[in-house]
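First the structure, in the form of structure tokens, and then the observations on it.
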Amino acid sequence: MDHPLLRLYDAWVLARPRLALAIAGALVLLAALGLPQLKLDASADALTLEHDEDLDFFRELNQRYGSSDVLVVTFRPRQGDLFDDANLALVRELGDLLAQVPGVARVQSIVNVPLLFSPKVDLAELGGPPRTLLDPDTDRAAARREFLTSPLYRELMLGPDGQTTGIFATLEGDPHYLELVRRRDALRRKRDQEGLSAAERAELERVSAEFVAVRTRTLEEDYRRVQRVRALIDGYRERAEVFLGGPTMITADILDYVRSDLVHFGAATAAFIVLALALIFRQLRFVVLPVLACALALVAMLGWLGWVDWRLTVISSNFPAILLIVSMAVVVHLIVRYRELHARHPDWVQRRLVRETVGSMFRPCLYTVLTTVVAFASLVVSDIRPVIDFGWMMTLGLLVSFVLVFVVIPAGLLVWGRGAVRHWPGEEHPHSERFARFADRHGRLVLAASAVLALVALFGSSRLEVDNRFIDYFRKDSEIYQGLSVIDRNLGGTTPLDIVLRYPAGEQAAAVGDAGAPAAADPFAVEEDPFALEGDPFASPEEAQAPVNPWFTRAGLARLERLQQFLEAMPEIGKVNSPVVAFQVGSLLVGHRLNDLELAFMRQNLAPEIRDFLLTPYLDDERREARFAMRTVETASNLKRSELIARIERFLREEMGLAPGEYRLSGLLVLYNNLLQSLYSSQILTLGAVLLGIALMFWALFRSLAVALVAVAPNVLAAGAVLGGMGLAGLPLDMMTITIAAITVGIGVDDTIHYVHRFREEFALDRDYRAAMFRAHRTIGRAMYYTSVIIVFGFAILTLSNFVPTILFGLLTGVAMVAALLGALLLLPLLIRLVKPFGPEAS
């Protein structure tokens with residue numbers, strides 16, 4: 001141990017093993033006090049891009065037009081007809097119970113929404129109390145027809161089967177939450193662009209802390225609300241088929257998945273590691289010490305995350321399992337080296353055995369950890385907040401784990417004593433040696449297969465997609481999948497999408513054609529209405545001064561009708577609500593298309609209950625805006641969000657003549673599409689960053705560009721093979737699979753470093769590349785084989801999740817690690833023998 005750090009390590013850890021263990025235990029215990037404060041975050045804010053302007057606009061729309069956060073309870077009676085008295089009483093009873101849940105602003109269902117055609121009412125009667133389904137004079141047969149055919153309720157309140165309905169509970173918004181978000185984001189932007197004063201920095205810190213507290217409280221309230229609603233509908237399952245849907249329900253379910261994955265996968269991974277160590281080493285100390293070292297590292301990190309209030313998300317919920325798996329790889333290399341020296345030097349005392357083990361493994365282990373750190377740190381160049389957080393968590397976790405492993409394992413071995421090491425028959429010829437024999441005998445086959453695999457990987461990677469259906473994130477037998485399917489089929493879709501149109505500033509309300517074009521150029525134009533009025537003669541003085549929204553005129557509605565027809569013709573779009581629906585309903589009531597006078601009369605005389613349902617969510621007079629609110633059908637096989645948004649925007653520009661500043665799309669579909677589309681650039685950035693970082697690490701370790709290129713090649717091939725396989729299989733990138741390439745290269749290169757480092761040592765003995773290959777496979781190859789088995793099966797445990805992205809992440813990462821192991825034991829030695837980066841062989 002010639003290096004000053006190693007001499008210091010020898011003096012403080014190896015010379016005082018009990019003290020070192022006591023200090024490590026005390027520090028971990030201190031960190032563990034933060035475990036009760038560890039929190040999870042499955043909010044929409046945790047699944048968005050950094051600095052996404054569409055998110056700000058989405059929040060603004062919710063404040064202006066009302067909350068779009070709705071809990072949907074689907075209801076289909078098990079006996080009788082839906083419109084029977086008994087079943088309608090159940091719908092009403094369940095709706096009344098939902099209205100009593102804290103945080104629910106209003107509840108709408110077929111029993112309390114206004115009916116206009118059962119029987120038909122006159123336009124003048126719209127100002128009176130609206131008729132509902134439970135009124136004695138309501139014609140229920142006509143009501144059924146109205147729910148099935150009316151522009152207002154079609155595909156919204158009653159499914160095509162006439163038996164499935166929905167109960168919609170609109171949740172209250174939180175203006176204080178939105179104000180905190182706006183202020184925090186404004187200060188962040190100013191910080192990044194101009195810098196902040198001391199007072200502004202203090203305000204940013206205060207606002208951020210208050211925002212986190214409010215968001216925590218909101219998430220807890222939302223979760224409790226969903227659980228209470230679930231408890232309510234559970235009481236009706238014997239009498240009706242009921243499902244729960246809505247964004248808040250999805251968030252609550254994902255939170256349950258995160259909690260479940262955190263607990264179960266952590267425990268399952270620990271149990272598997274114990275079993276694997278027992279089978280590999282067959283001695284108690286080689287099970288207890290590795291588990292203790294990894295457990296201390298995990299507890300220390302989770303406790304620290306609790307102290308600093310750094311929250312786990314859907315992506316980082318796998319952090320405990322992955323940290324255990326990666327940490328165990330370092331431990332296995334130490335244990336295998338210790339056993340190797342123990343067998344080779346039976347006369348050495350325990351202190352010397354441990355010192356030589358650490359001395360020979362410290363540098364390669366340090367570089368393997370640093371390369372893995374580089375791999376995870378590369379994730380921070382992504383624009384996706386959860387991916388960034390996951391990268392930083394793993395980076396810090398690996399560094400903490402490395403320190404604790406090199407304290408606990410050596411100090412533990414010294415305290416435990418030398419003892420005997422149990423070897424089993426055939427250990428001197430491990431499984432890894434078979435790979436050397438295969439590479440030696442079939443080298444050309446390995447090289448040819450690698451070249452073919454590289455071509456296939458390139459072709460498959462070019463076919464990678466990012467657009468996937470959100471519903472596919474869940475198992476088909478889960479309630480969330482079944483509920484979303486029912487809502488899609490019967491109640492007009494699931495994922496909200498809004499289109500906001502601002503009337504062109506230079507146009508008059510009568511202009512129907514494209515901006516700047518005469519009205520006659522528009523085939524949907526109508527003759528100027530002789531009854532059109534500048535104001536409403538029936539309005540009060542206050543109402544008469546209110547601005548007239550040009551979209552709610554015959555001219556404006558003619559343009560909106562074109563968009564309505566275009567949207568309704570798209571199979572990916574479900575129910576579409578807009579001012580056009582109000583126009584269609586009014587026209588059906590009077591028997592002809594309403595003129596401007598009738599439109600103004602209808603709007604001013606609507607009962608508040610009807611106005612709030614029919615017009616208020618879709619018109620903003622002050623801004624001269626019209627809003628289209630729709631939901632997309634997640635179960636549509638042809639749903640491509642990016643293409644859908646592009647088609648809509650092209651229609652708005654080319655067919656309606658609107659400039660980019662005169663329309664804007666919003667809603668959860670837009671936010672999620674932004675996230676998905678960033679995955680392409682994030683994949684390229686993260687993979688490029690990790691390859692560059694690891695190549696530099698190899699150059700620093702071996703001082704050879706040839707070694708760096710040779711060592712990186714098998715891992716690039718493994719990552720490319722998995723990405724290519726995803727492209728060929730039609731598996732799109734998502735928030736979790738985006739990390740596979742970087743993780744594969746980062747973890748796979750650990751074995752590469754160990755192998756190249758040992759190969760160089762073995763080659764120095766006789767300068768024979770072939771002999772060095774066999775010796776390296778018999779020694780370090782054994783540790784590589786063991787660690788890869790642990791890593792592969794450790795990731796395979798993730799396939800037991802209920803969350804499909806986690807299943808794919810575990811499966812694909814396991815496959816990638818198998819490919820990385822094969823590359824390290826087959827392709828890498830052949831490339832070394834071919835390139836000869838350590839110089840010529842002895843003559």
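The values are calculated or read from the model by the stated rules, or taken from the named source; none is laboratory data. Predicted model, so just to flag it, every value in this text is computed and none were measured. Note that we place each Cβ from the backbone using ideal geometry, even for glycine, and neighbour counts take in every protein chain shown. Just the protein is used for accessible areas: all its heavy atoms, side chains included, with ligands, DNA and RNA removed. Shrake-Rupley method; radii C 1.70, N 1.55, O 1.52, S 1.80 Å.
Each Lys and Arg contributes +1 and each Asp and Glu -1, all at the Cβ; summed about the Cα centre of the chain, the dipole is approximately 5360 debye.
Using only the heavy atoms of the protein chains and a 1.4 Å probe, how would TRP310, TRP551, TRP392, TRP12 rank by accessible area, largest first?
My answer, sorted largest first, is TRP12, TRP392, TRP310, TRP551.
Estimated from the Cβ-Cβ distance and a Förster radius of 60 angstrom, the FRET efficiency linking LEU696 and VAL214 is about 0.90. I'm a student and want to see the number: the projected area of the Cα convex hull of segment 181-313, averaged over all directions, in nm². With every direction weighted equally, the projected area is 13.8 nm². Would any residue of segment 804-843 have its amide N under 20 Å from a label point 7 Å out along Cα→Cβ of ARG767? List them or say none. Residues 832-843 fall inside that zone. Ordered by 1.4 Å accessible area with all protein chains kept, ARG230, ARG191, ARG489, ARG641 run largest first as ARG489, ARG191, ARG230, ARG641. Hey, what D do you get for segment 714-843 in µm²/s if you plug the Kirkwood alpha-carbon radius into Stokes-Einstein at 10 °C and 1.306 mPa s? Estimated diffusion coefficient is 102 µm²/s. Counting only Cα atoms, the size of segment 610-759 along its three principal axes is 79, 30, 29 Å, in decreasing order. LEU204 contributes an accessible area of around 20 Å² to the protein surface, as traced by a 1.4 Å probe with all chains present.
Just to be sure I understand: if I project the alpha-carbon convex hull of segment 717-770 onto a plane and average over all orientations, what area do I get in nm²?
4.6 nm²
Applying 0.36 nm per residue to the separation of THR149 and TRP348 and subtracting their alpha-carbon distance, the gain on full extension is 62.7 nm. Each peptide in 595-601, 833-839 was scored by the mean count of other Cβ atoms within 10 Å over its residues; highest first, the order is 595-601, 833-839. Quick one: helix 175-193 against the long Cα principal axis of the chain, what's the angle to the nearest 10°, folded into 0 to 90? Its long axis makes an angle of about 50 degrees. Of the solvent-accessible surface of segment 783-824, computed with a 1.4 Å probe and all protein chains present, 82% belongs to carbon and sulfur. Between GLN100 and ILE23, the C-beta separation translates, for a Förster distance of 56 Å, into a calculated FRET efficiency of about 0.50. Treating r as the C-beta distance of ARG228 and ASP122 and R0 as 56 Å, the FRET efficiency rounds to 0.85. Where does helix 85-99 land angle-wise versus the long Cα axis of the chain, in degrees 0 to 90, nearest 10? The two axes meet at around 60 degrees. Diffusion of segment 158-256 by Stokes-Einstein, at 20 °C in a medium of 1.002 mPa s and with Rh set to the Kirkwood radius over alpha-carbon pairs, works out to 128 µm²/s. Spacing of the modelled spin labels on VAL452 and HIS176, each 7 Å from Cα toward Cβ, amounts to 6.7 nm. With the simple spin-label model, which puts each label point 7 Å out from Cα in the Cβ direction, the ARG441 to ALA141 separation comes to 8.5 nm. Distances between every pair of Cα atoms in segment 50-112, grouped in 10 Å steps from 0 to the bin holding the largest one, split as 18, 35, 24, 15, 7, 1 percent. Note on segment 246-314: the C-alpha convex hull projects to 5.5 nm² when averaged across all orientations. Averaging 1/r over each pair of different alpha-carbon atoms in segment 736-811 and inverting the result gives 14.1 Å, the Kirkwood hydrodynamic radius.
Show log10 I(q)/I(0) for segment 271-416 at q = 0.09, 0.15, 0.16, 0.20 Å⁻¹, two decimals, from a solvent-free Debye sum over equal Cα scatterers. Evaluating at q = 0.09, 0.15, 0.16, 0.20 Å⁻¹ gives log10 I(q)/I(0) of -0.31, -0.77, -0.85, -1.19.
Modelled spin labels at GLN193 and VAL380, positioned 7 Å past Cα toward Cβ, are 2.5 nm from each other. With only the Cα atoms considered, the chain has a convex hull volume of 199 Å³ per residue.
Just subtract the alpha-carbon distance of ALA505 and THR799 from 0.36 nm times their residue separation and send over the number in nm, one decimal.
100.3 nm
Accessible surface for segment 131-257, divided over its residues, is 47 Å² per residue with a 1.4 Å probe.
Here segment 556-573 is scanned for amide nitrogen atoms under 15 Å from the site 7 Å beyond the Cα of ARG647 along Cα-to-Cβ, giving 563-573.
When its C-alpha radius of gyration is set against 2.2 N^0.38 Å (N residues), segment 69-227 gives a value of 1.51. Might you work out the accessible area of GLU662 for me, using a 1.4 Å probe with all protein chains in place, and round it to the nearest 10 Å²? Result for GLU662: roughly 40 Å² accessible.
For GLU241, the residues whose amide H sits under 5 Å from its own are ARG76, ARG78, ignoring neighbours fewer than 5 places away on the same chain, with H placed 1.01 Å from N. Rounding to the nearest 10 and keeping the result within 0 to 90°, find how far the Cα-based axis of helix 140-149 lies from the longest principal axis of the chain. Value to nearest ten degrees: 60.
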